[in-house]
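The values are calculated or read from the model by the stated rules, or taken from the named source; none is laboratory data. The shown structure was predicted, so the numbers you read here are calculated from the model rather than taken from an experiment. Cβ sites come from the backbone with ideal geometry, for glycine too, and all protein chains shown count toward neighbours.
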Amino acid sequence: MQASRARLFKEYKEVQREKSADPDIQLICDDSNIFKWTALIKGPSETPFDGGVFQLAFSIPEQYPLLPPQVRFLTKIFHPNVHFKTGEICLDILKNAWSPAWTLQSVCRAIIALMAHPEPDSPLNCDSGRQYAIPPIRRCSIRCPPVSRRRPPVPPCLAALCSCSVALLRRPLRSSCIATSCWHPPLLPHRPAALRSCRGSRAASPSAQKSKEQQAAVAVNVIHLKAKLPRR
């Protein structure tokens, strides 16, 4: 225990002396217990953790430096090798790869390196490990032709249909049809008759047109006769 205290006092002096040498790491020793430390580390650049400050808690055993310290994140972090609830860190130097040559400062530096280069093959956070296992999206090297903003041309059948409907709308109305109340609205493009006219069907014969006009004239005469008859 005396050896561990001497080692921790030595590291404390080095931290105070080299505080400005490593601005990304700030180690703080507990005033009442030298075996309790806190560290503030900055997220590595060019990573999702860039610009963040993360707090670590150190619990150092009495057999230190023969045994590694217990380190966990106090700040919530989404990382494959960090448990999201407890903050436990999966790092080999904190388990079977520990060496007495490691210090608390070097442990913080190794944790920063782990944040920049995670190991998704042995995750503590399976959800984050699956996200890192997905390959990144690559930019397609095939250049697509530019999209034209011009209005596409109208098919010939639709163009003929529209011109036929316009001609029907502009046709003058006959006074005989209005007098007999047999007038109908002009045919629209979606009606079968308009489609038949666009397909080139033959126009009505002159005799048929003349018979229709005669029928309309008879109907008008009947209306006038009924109007002149005295009412009972």
Return the residues of the stretch 42-56 that are among the charged types (D, E, K, R), more than 25 Å from the chain's Cα centre (by Cα) and loosely packed, with under 15 Cβ neighbours inside 10 Å; say none if nothing qualifies. none
Does V15 meet the test of being modelled with pLDDT under 90, surrounded by 13 or more Cβ atoms within 10 Å (Cβ to Cβ) and either of a type outside the set (S, T, Y) or touching a helix residue (DSSP H, G or I) at 6+ places or on another chain (Cβ under 7 Å) (or both)? yes
Of all residues making up the stretch 98-111, the number that are in contact (Cβ under 8 Å) with a residue 60 or more places away in the chain and not aliphatic (A, V, I, L, M): 4
Do we have any residue at all in the stretch 80-97 that's touching a residue at least 12 places away in the same chain (Cβ under 8 Å), assigned to a helix (DSSP H, G or I) and over 16 Å from D50 (Cα atoms)? yes
Return the pairs, sorted by first residue and then second, in which the second residue is part of a strand (DSSP E or B) and of a type in the set (D, E, K, R), the first residue lies in the stretch 14-28 and is touching a residue at least 24 places away in the same chain (Cβ under 8 Å), the beta carbons are less than 7 Å apart, and the residues are 6+ apart or on different chains. D24/K42
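Out of everything in the stretch 1-12 that is aliphatic (A, V, I, L, M) and exposed (fewer than 11 other Cβ atoms within 10 Å of the Cβ), what residue ends up being nearest to S106 (Cα to Cα)?
So the first thing to find is which residues in the stretch 1-12 are aliphatic (A, V, I, L, M), and the list is 1, 3, 6, 8.
So of that shortlist, the ones also exposed (fewer than 11 other Cβ atoms within 10 Å of the Cβ) come out as 1, 6.
Working: M1: 22, A6: 18 Å.
Step by step, filter the stretch 1-12, then rank; the result is A6.
Select from the stretch 57-83 the residues that are among the aliphatic types (A, V, I, L, M) and more than 24 Å from A3 (Cα to Cα) and write down the one among them that is surrounded by the fewest Cβ atoms within 10 Å (Cβ to Cβ). Let's see the steps before the verdict.
Here is the first cut: in the stretch 57-83, the ones among the aliphatic types (A, V, I, L, M) are 57, 60, 66-67, 71, 74, 77, 82.
Checking the rest, the ones that are also more than 24 Å from A3 (Cα to Cα) come to 74, 77, 82.
On the way: L74: 13, I77: 20, V82: 26.
Only one residue tops the list, namely L74.
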Would you mind telling me which numbered condition in (1) over 22 Å from L67 (Cβ atoms); (2) assigned to a helix (DSSP H, G or I) S4 fails? (1)
Condition set modelled with pLDDT of 85 or more and among the charged types (D, E, K, R), scope the stretch 108-128, selection nearest to the chain's Cα centre (by Cα): answer is E119
Top-ranked residue in the stretch 23-58 [being in a loop (DSSP other than H, G, I, E, B) and among the hydrophobic types (A, V, I, L, M, F, W, C); ranked as farthest from I111 (Cα to Cα)]: I34
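Does E88 satisfy the criteria of being within 18 Å of R7 (Cα to Cα) and charged (D, E, K, R)? Write out each step before concluding.
Values: within 18 Å of R7 (Cα to Cα): no; charged (D, E, K, R): yes.
Judged against the criteria, E88 is not a match.
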(1) assigned to a loop (DSSP other than H, G, I, E, B); (2) under 23 Å from C126 (Cβ atoms); (3) in contact with a strand residue (DSSP E or B) (Cβ under 8 Å, 6 or more places away or on another chain): which one isn't true of P61, the others all being true? (2)
